[in-house]
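Quick notes on the structure that follows.
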Amino acid sequence: MKPEQPRPHGSPALRTTNLEKLGDGTFDVLVVGGGINGAVSAAALAARGARVALVDRADFASATSQESSNLAWGGIKYLESYEFGLVRKLCRARNELIRSYPSTVQEIRFYTSHARGFRHGRLELLLGAWLYWAIGGFFTRRPRLLSPDDIAREEPIVALDGLDGGFEYSDAFLHDNDARFVWLFVRSALDRGCIAANYVESIGSAREGGQWVTRARDVVAGRELRITSRLLVNACGPWADPVNARDGVKTSHRHVFSKGIHLLVDRLTPNRRVLTFFADDGRLFFVIPMGPKTCIGTTDTPVDRPEVGVTPEDRRFVLDNINKRLRLPRPLEERDVVAERCGVRPLVVDAAGDGAGDWMRLSRKHAIETDAAGRHVTIFGGKLTDCLNVGEEICVEARRLGLELPFPDRVWYGEPHPAVREEYFHQARLMGLDAMTSPQSSERLSTRLWRRYGSEALGMLEAIRRDPRMAEVIVETSEYLRCELDEAARREMVVTLEDFLRRRSKIAEVVRREDIRRAAGLQVACAILFGDEAEARRAEYFDEVR
Ligand SMILES: Cc1cc2nc3c(=O)[nH]c(=O)nc-3n(C[C@H](O)[C@H](O)[C@H](O)COP(=O)(O)OP(=O)(O)OC[C@H]3O[C@@H](n4cnc5c(N)ncnc54)[C@H](O)[C@@H]3O)c2cc1C
């Protein structure tokens, strides 16, 4: 999370209703923290019949879960440290995501170049890629050896100096951004009766009369709330340790942090593949497609605190590495950066150790630690890739703590049934929806609406049939339609303009801030999202608040 979050003021209806319900009776589970781990916990428990509350002190996914590389991957690099069990688990998790979210999590080729004299030979790396493919159950396309000629022909922006070729293998990427992916789970929890609210901070939890009582603060109105629950799940990511310390919960794990940054620049190559290099310090370094832009990074720097920002040295490291490895018409400079991403990976280590020895071995696993007497669960570490396992494991822990889940086998994730999809695309075809695709759009309108809204997209078709203005692009330079803004205002708990521009959509990642400010239609968008508070929310986003 950035140290300075915009102060939210808006109070859309869904959130207001939920704030009132947070004080109603006793929840089975309160999940504190609405990043990926909190969101999947809430979605899984709610679908299986638990009475769940979910709060985040800022927006959902506004911390680590919006700063990732947007990849769902099995961790080929962990083969180097012989972590076959971890790689197998992550590959399976990746495969399940691809199977369950075919429109959102998609296979993508990783194109890895190999410098002469690198610590592993080219064939050795290809062998590793084949092993990776096998460990992943041959679920993806097979790896391939690349000669320098292949690279020159297929990806001419890769600089060949010092290379003796490379290899290609598959993993997966999130077609929309990571924060939108998290929102899918929050929305699915809401659909199953979870009472979720953003901008609600837990300020202290204590055991009272055999249950947890959490004092929380509505950050928007400054009002205090009291939430009671039978179980408490700490999903505060990088802040899990201080929250536990505050609430008197002792654990045998703790976090250390690794900072990572990405820079977004105009699209560098038209090909939809991830380019992978070894940076000067030997670590993997990526060029990742993101809609009309390219995302480059990442760094991996140990830091002491989770509150981090991009420094000039970070920027230089990324730009220098990329300029050295790509043949660009001119070197990328700071002025080419459209947007930046920066966060810390919460890495789980043994609480008793100093963290250093464990760094590589434990670094990318998650650990779920349960205090049975205290009826408390903490989620440590993890990856977006492993999120379905986290949801499952939280249900197991909840049952172990005596919570009866009325629908224990209920499948709680995945896109709607294929029959719903078929009906949606049929209706879209009949009404000629794709003819309304904006000329700037990178994909067909029907595909985009389905991916982003699932079965809700059927309602959007109806709205467009009723009033064709619903298909108008509202904010120039973005693809978002009037009906999508309507949906965001009604169902997506947008409190600040940043919630919409950065997390429900990825506009702030692909359009420069100044272009957003100037965009015709921004005021209309704000009016749809915030009603009477439109101008205040717009000014707040651009720091024009006096
Ligand atoms: C640079 C980088 C690249 C990465 N790339 C990938 C990748 O490509 N693929 C992958 O699988 N993983 C990746 N990861 C890892 C992944 O992003 C994280 O493991 C994951 O997002 C952590 O989610 P979380 O829910 O634990 O934490 P967070 O997303 O940080 O969520 C914790 C939430 O708790 C809230 N909170 C804190 N205190 C309180 C309180 N008192 N009351 C209420 N709420 C509170 C915060 O506001 C926050 O929203 C990457 C991470 C980084 C940093």
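The values are calculated or read from the model by the stated rules, or taken from the named source; none is laboratory data. Given the structure is predicted, the values throughout are model-derived calculations rather than measurements. FYI the Cβ positions are ideal-geometry reconstructions off the backbone, even for glycines, and counts take in every protein chain you see. Only protein heavy atoms, including side chains, enter the accessible area calculation; ligands, DNA and RNA are left aside. Shrake-Rupley method; radii C 1.70, N 1.55, O 1.52, S 1.80 Å.
Numerical summary
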item	result
Share of Cα-Cα pairs in the stretch 236-328 lying beyond 21 Å, as whole percent	45
Relative contact order (%) - the stretch 142-279, alpha-carbon pairs under 8 angstrom, separation at least six	13
Fraction in percent of alpha-carbon pairs per bin - 5 Å, the stretch 86-221	2, 8, 12, 13, 12, 11, 10, 8, 6, 7, 6, 4, 1, 0, 0
Computed E for Arg272/Arg513 - FRET, C-beta separation, R0 35 angstrom, nearest 0.05	0.85
Structure-based [θ]222 nm, the chain - -39500 (n - 2.57) summed over DSSP H runs of at least 4, per residue, nearest 500	-10000 deg cm²/dmol
Distant alpha-carbon pairs in the stretch 207-268 (separation over 13 angstrom), percent	75
Dipole in debye (nearest 20) - the stretch 124-230, about Cα centre, beta carbon charges: Lys, Arg +1; Asp, Glu -1	1100
5 angstrom amide H check on Leu163, placed H, neighbours 5+ away	Arg116
Packing rank of 71-78, 95-102, where each peptide gets the mean count of other beta carbons within 10 Å, highest leading	71-78, 95-102
Area of Glu476 that stays accessible when all protein chains are in place (1.4 Å probe, Å², to 10)	110
5 angstrom amide H check on Ala339, placed H, neighbours 5+ away	Leu264
DSSP-defined beta bridges in the chain - what % are antiparallel, rounded to 5	80
Cα lying deepest toward the dipole's positive end in the stretch 301-441, options Val348, Leu328, Val377, charges on Cβ	Leu328
Loop chymotrypsin sites (Phe, Trp or Tyr not before Pro), the stretch 137-237, which have at most 16 other Cβ atoms in a 10 Å radius of their Cβ (DSSP)	Phe138
Accessible surface ranking that places the most exposed of Glu404, Glu340, Glu208, Glu509 first, with a 1.4 angstrom probe	Glu404, Glu208, Glu340, Glu509
Accessible surface, per residue, of the stretch 393-461 when the full set of protein chains is kept, probe 1.4 Å, Å²	55
Accessible area (Å², per residue) of the stretch 131-170, counting only protein heavy atoms and a probe of 1.4 Å	45
Accessible area (Å², 1.4 Å probe, nearest 10) - Met431	40
Per-residue ³J(HN,Hα) for the stretch 233-249, Karplus 6.51 cos²θ - 1.76 cosθ + 1.60, θ = phi - 60°, Hz, x for Gly and Pro	10, 8, 10, 7, x, x, 9, 4, 5, x, 5, 5, 4, 4, 8, x, 9
In the chain, lysine pairs with alpha-carbon atoms under 26 angstrom apart (chain gap of 8 or more, or interchain)	27
Protein accessible area in the stretch 32-88, 1.4 Å probe - carbon and sulfur %	55
Accessible surface of the stretch 382-476 [probe 1.4 Å, protein heavy atoms]: carbon and sulfur percent	51
Inverse mean reciprocal Cα-Cα distance (Kirkwood Rh) of the chain, Å	24.2
From phi via Karplus (6.51, -1.76, 1.60), per-residue ³J(HN,Hα) for the stretch 447-454 in Hz, x at Gly/Pro	5, 5, 5, 5, 4, 7, 10, x
Percent of Cα pairs exceeding the 19 Å cut-off, where the set is the stretch 399-462	45
Estimated FRET transfer efficiency when R0 is 41 angstrom, pair Phe407-Thr447 (beta carbons, to 0.05)	0.80
Simple spin-label estimate for Arg207 and Arg429 in nanometres, 7 Å along Cα-Cβ	6.0
Accessible heavy-atom area order of Ile135, Ile296, highest first, probe of 1.4 Å	Ile135, Ile296
Ranking by accessible area, most exposed first, for His262, His120 with a 1.4 Å probe	His120, His262
Fraction of accessible area attributable to carbon and sulfur, the stretch 151-219 (%, probe 1.4 Å)	49
Normalised contact order of the chain, rounded percent, pairs of Cα under 8 Å and 6 or more residues apart	20
Distant-in-sequence amide H partners of Thr298 (H built 1.01 Å from N, under 5 Å)	Phe286
Accessible area in square angstrom per residue, the stretch 173-251, 1.4 angstrom probe	34
Average projected area [Cα convex hull, the stretch 381-426], square nanometres	4.8
Residue-wise HN-Hα coupling along the stretch 309-324, computed from phi with Karplus coefficients 6.51, -1.76, 1.60 (Hz; x: Gly, Pro)	x, 6, 9, x, 5, 4, 4, 4, 4, 5, 5, 4, 4, 6, 5, 6
